[in-house]
Amino acid sequence: MTTTAEQDPQSYIDDMARERGYVLEYHKVMAKQDFDVLRAANGLVGAAYLEQRTLDRRTKELIFIVSLTVMRAAKGHIQSHIKVALDLGVTAQEILEAIEISLPEAGIVAFQTGFEAWREVVGADGLEPTVAVFQG
């Protein structure tokens, strides 16, 4: 990603979208409202997550998905990382197994958000009971 001080906010957002495969709403607003802070935050994300170090990108995406699930991030945010992981060749089953790690650590409420995000992206369905039951 071009990070020169001369780069305009629109080019920065476009480069971010190409590099990451996603752009969040706060990226778009911060690019227009406080470009310097966005670049600083993106520098931290780049060093911790985007730049190749010891962990490969697939592993980092799985960790990111679990972290977002545990933090109860917005479903769309989790889904953006699920989509990136799928594009990187991570299987739907591998993503589910990563999300399942949150269950004993963060509990059912946090797990359900990540699980629902995963279910919608991969199109997973379930079984309907054949007996009378309350839906919840």
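This table checks each residue for (1) modelled with pLDDT of 95 or more; (2) among the acidic types (Asp, Glu); (3) closer than 20 Å to ALA48 by Cα.
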| site | (1), (2), (3) |
| --- | --- |
| PHE64 | no, no, yes |
| HIS77 | no, no, yes |
| HIS81 | no, no, yes |
| VAL84 | no, no, yes |
| GLY89 | yes, no, no |
| ALA98 | yes, no, yes |
| GLN112 | no, no, no |
| VAL121 | yes, no, no |
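If you take the residues in the range 12-65 that are in a helix (DSSP H, G or I) and acidic (Asp, Glu), which one is least open to solvent (accessible area, probe 1.4 Å)? Only one residue tops the list, namely GLU61.
Just one residue in the set ALA117, ALA92, ALA85, ALA74 is under 24 Å from ALA17 (Cα atoms), buried (at least 18 other Cβ atoms within 10 Å of the Cβ) and without any contact (Cβ under 8 Å) to a residue 40 or more places away in the chain; that residue is ALA85.
The values are calculated or read from the model by the stated rules, or taken from the named source; none is laboratory data. Note that the structure is predicted; figures quoted are calculated from it, not measured. Here the Cβ is made from the backbone with ideal geometry for all residues, glycine too, and neighbour counts use every protein chain on show. All accessible areas refer to the heavy atoms of the entire protein, side chains included, with ligands and DNA or RNA removed. Shrake-Rupley method; radii C 1.70, N 1.55, O 1.52, S 1.80 Å.
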